[in-house]
1. Using a Gaussian network model on the chain with a 10 Å cutoff between Cα atoms, which of VAL57, VAL91, VAL76 fluctuates the most?
2. Carbon and sulfur together cover what percent of the accessible area of the chain at a 1.4 Å probe radius?
3. Under a straight-distance cross-link criterion of Cα-Cα below 16 Å, which lysines are reachable from LYS20, leaving out those fewer than 8 residues away in the same chain?
4. Could you point to the residue in THR42, ALA30, ALA14 farthest towards the positive end of region 2-66's charge dipole, with +1 and -1 charges on the Cβ of Lys/Arg and Asp/Glu respectively?
5. What accessible area per residue, rounded to a whole number of Å², is obtained for the chain using a probe radius of 1.4 Å?
6. Report ³J(HN,Hα) in whole Hz for each residue of region 47-59, in order, from the Karplus equation J = 6.51 cos²θ - 1.76 cosθ + 1.60 where θ = phi - 60°; Gly and Pro get x.
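The values are calculated or read from the model by the stated rules, or taken from the named source; none is laboratory data. Source: prediction; values computed, not measured. Here Cβ is always computed from backbone atoms with ideal geometry, including for glycine, and neighbour counts include all displayed protein chains. What goes into the accessible areas is simple: the full protein's heavy atoms, side chains included, and nothing from ligands, DNA or RNA. Shrake-Rupley method; radii C 1.70, N 1.55, O 1.52, S 1.80 Å.
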Amino acid sequence: MDRIVEARYANIAAYSTGLKLNGSTFAARALVNAKVKASISTTMTLQRQSGKSWSDVTSWFDSTTGYRLDLTKNYVAGTRGNYRVRAVYTVNGETITTYSSTVTY
């Protein structure tokens, strides 16, 4: 997974958005830490490159109240190509959009 990034935000302490490929299965992970107990939500979307643009393959959502939200999902790849994860984190109303590194299947 990608390293945890220390965030320069009012409510978000750090986040990590990552994608790994194990055989033909993608392991996607979106982790966010809050500076204080907060309302946290994450929308994580697996994307595949189509030409110069990216198309959504599938997405997941989770939410909690606390200091941390760790969303991990697996997806069996069907089509060859370049993939990445987009994660949108919202912590007490503060929203950021992040991307993982690109993984080729």
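1. Per the Cα network of the chain with a 10 Å cutoff, VAL76 tops the list.
2. It is 43 percent, rounded to a whole number.
3. Of all the lysines, those that pass the test against LYS20 - Cα under 16 Å, at least 8 places apart if same chain - are LYS73.
4. So the residue furthest toward the plus end is ALA14.
5. With all protein chains present, the chain gives 53 Å² per residue.
6. Per residue, the Karplus-derived 3J(HN,Hα) values read 10, 10, 6, 10, x, 9, 10, 10, 10, 6, 9, 7, 9 Hz.
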